[in-house]
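Here the structure is laid out as structure tokens; the discussion comes afterwards.
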Amino acid sequence: MPDSSNIQQNTASVEQRIDAIEAMFEARGMKAREAIDEFEHTIEEKWIPENGARVVAKAWTDPEFKKRLLANGRAAVGELGLTMPPHHRHLVVKENSPTLQNVICCTLCSCTAFSIIGLPPDWYKDLEYRSRIVRQSRTVLKELGLDLPESIYIRVWDTTADTRYMILPVQPEHTKGWSEEELAKIVTKDAMIGVARL
């Protein structure tokens, strides 16, 4: 039987393995570093919650856009120049109301409409959230800081392979008459996931 301490000494570090994979791609003429840099730029500069905030602000100020958004989210966000990956075939937008709180999750992994609302927070990816939000929604929301009265019904939406969800929060009364730019500044990722109210 091999000595386990000897195996550990001969195992490359994560950094060494990454370097080896990059070198292999580079040797075959594939620009791995450029692709990684471009992907990092996309994540940090393009897949941001401000995209979804613009969508929400537009829906709050434009009733016709809101109708289109609720009917076909993917097409509606496209009107604002926002794109989604091909495998995100559907964007379903669920509207909260004074008596309804919609919440999204992905019980299998951590899928979100990331190009619209940004990458999921760490807690969203955690098995604890993914498994409990569907069974103990009110308790989980309270643990996340949203203590809803019993009069508000909670509905949880589970992402599928080709369908992504986004929540349209209730517009705070005191913001009626604000510009889209002002409204977009108050919309948070948590509100678009459904674990917060504005």
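The values are calculated or read from the model by the stated rules, or taken from the named source; none is laboratory data. This one's a predicted model, so the numbers in the text were calculated from it and none came from an experiment. In this analysis, Cβ positions are derived from the backbone assuming ideal geometry, glycine residues included, and neighbour counts consider all displayed protein chains.
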Fill in: Which listed residue is touching a strand residue (DSSP E or B) at 6+ places or on another chain (Cβ under 7 Å) and surrounded by fewer than 22 Cβ atoms within 10 Å (Cβ to Cβ), from D147, D162
D162
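Identify the residue in the range 159-190 that is part of a helix (DSSP H, G or I) and of a type outside the set (D, E) and, among all such residues, is farthest from the chain's Cα centre (by Cα).
Among those residues, the one meeting the criterion is H174.
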Worksheet item: Wholly within the range 24-126, which helices (runs of 4 or more DSSP H) include no fewer than the required count, namely at least 2 residues that are exposed (fewer than 11 other Cβ atoms within 10 Å of the Cβ), at pLDDT below 95 and not assigned by TED's automatic domain parsing to the domain that holds E182?
Response: 32-41
Worksheet item: For R197, are the conditions met, namely being charged (D, E, K, R) and not in a loop (DSSP other than H, G, I, E, B)?
Response: no
Discussion item. On the basis of being loosely packed, with under 15 Cβ neighbours inside 10 Å, out of contact with any strand residue (DSSP E or B) (no Cβ under 9 Å at 6 or more places or on another chain) and basic (K, R), does K142 make the cut?
Written reply: yes
Item to complete: Could you please let me know if R138 is in a helix (DSSP H, G or I), over 14 Å from the mean Cα position of the chain (by Cα), modelled with pLDDT of 95 or more and within 24 Å of T99 (Cβ to Cβ)?
Response: yes
Worksheet item: Somewhere in the range 149-158, is a residue farther than 14 Å from Q101 by Cα, polar (S, T, N, Q) and either in the same structural domain as F114 (by TED's automatic domain parsing) or not in a helix (DSSP H, G or I) (or both)?
Response: no
Item to complete: Quickly run through the range 114-139 and pick out the residues that are without any contact (Cβ under 8 Å) to a residue 24 or more places away in the chain and either more than 26 Å from A57 (Cβ to Cβ) or among the charged types (D, E, K, R) (or both).
Response: D122, K125, D126, L127, E128, R132, R135, Q136, R138, T139
Worksheet item: What do you reckon, is D158 in contact with a Ser or Thr (Cβ under 6 Å, 6 or more places away or on another chain) and among the acidic types (D, E)?
Response: yes
